[in-house]
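Colleague: Sharing a structure below in structure tokens format, with a few things to ask.
Please treat every number below as a calculation from the coordinates, not as lab data. Given the structure is predicted, the values throughout are model-derived calculations rather than measurements. Heads up, the Cβs are rebuilt from the backbone with ideal geometry, glycines too, and the neighbour counts pull from every protein chain shown.
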Amino acid sequence: MIILFIGPQASGKGTQAKIIAKEKNLAHISTGNLLRAAQGKLKEKIDFYILKGSLVPDELILKLLKERMKQPDCENGIILDGYPRNLEQAEDLEKIAAIDRIFEINISDETAKKRLMGRWNCRNCGVAYNIVTAPKPKKDKICDLCHIPLFQREDDKDEEAIQERLDIYHKETEPVLEKYKDKVTRIDGEKSIEKITKDILKKLMGDI
């Protein structure tokens, strides 16, 4: 079974994907983690684009994804977090796997802005914390896992930049939800993390 978690920036889809994957013994795959874990020649190619400030080509991401899906922990099923981001990527994904279920974690643009401007990240493990909502770091702006200072992305500081990213989500990612609307379950992402998890697990009951 392949389940997609899709939602705007700061919707909490990554957090929910991790929780549900652990609860249901599924593999959690995010493109960010895939890119960070790349090795050898693939890593060199990826770093080339990242250092230039360019997007990593879809064919490289698909290659990484295809290899990751061969690992034993994927046998019970997979949760894809934040991928595909557009119709082209959705078509690429269908070449290697069938999409069984999609959870749309829905929040307003205003909520997204509030959450993003409070978001701080770890450069080492990639975990995102939030000093406004949750999950908050145990120590102020220090990663719970790596014990190093967190940083804030430049585009998380600027409200106009955040709106541009949200506009891209509405324009490019929402058509994916429309294309697969028969497989989409919309979840209210404005609730607490615990309540959202309960809503998702209730919808999954009987599927896994």
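Colleague: If you take the charge dipole of region 118-174 about its Cα centre, with +1 on Lys and Arg Cβ and -1 on Asp and Glu Cβ, which of 173, 161, 142 is farthest toward its positive end?
Modeller: 142
Colleague: Counting other Cβ atoms within 10 Å of each Cβ, which trypsin sites (Lys or Arg not before Pro) in region 50-134 have at most 15 and sit in a DSSP loop?
Modeller: Here the sparse-neighbourhood loop sites are 70, 123.
Colleague: Here's another thing I want to ask about it. Please give the peptides 32-45, 186-199, 14-27 ranked by average Cβ packing (other Cβ atoms within 10 Å per residue), highest first, as a rough proxy for protection.
Modeller: Ranked by mean Cβ neighbours within 10 Å, highest first: 14-27, 186-199, 32-45.
Colleague: Using only the alpha carbons of the chain, determine the length spanned along each of the three principal axes and report them from longest to shortest in whole angstroms.
Modeller: Each principal axis gives a Cα extent; for the chain these are 42, 41, 33 Å.
Colleague: Residue by residue, what Karplus-based ³J(HN,Hα) values in Hz, rounded to whole numbers, does region 32-37 have, using 6.51, -1.76 and 1.60 with θ = phi - 60° and x for Gly and Pro?
Modeller: Result, ordered by residue: x, 5, 4, 5, 5, 8 Hz.
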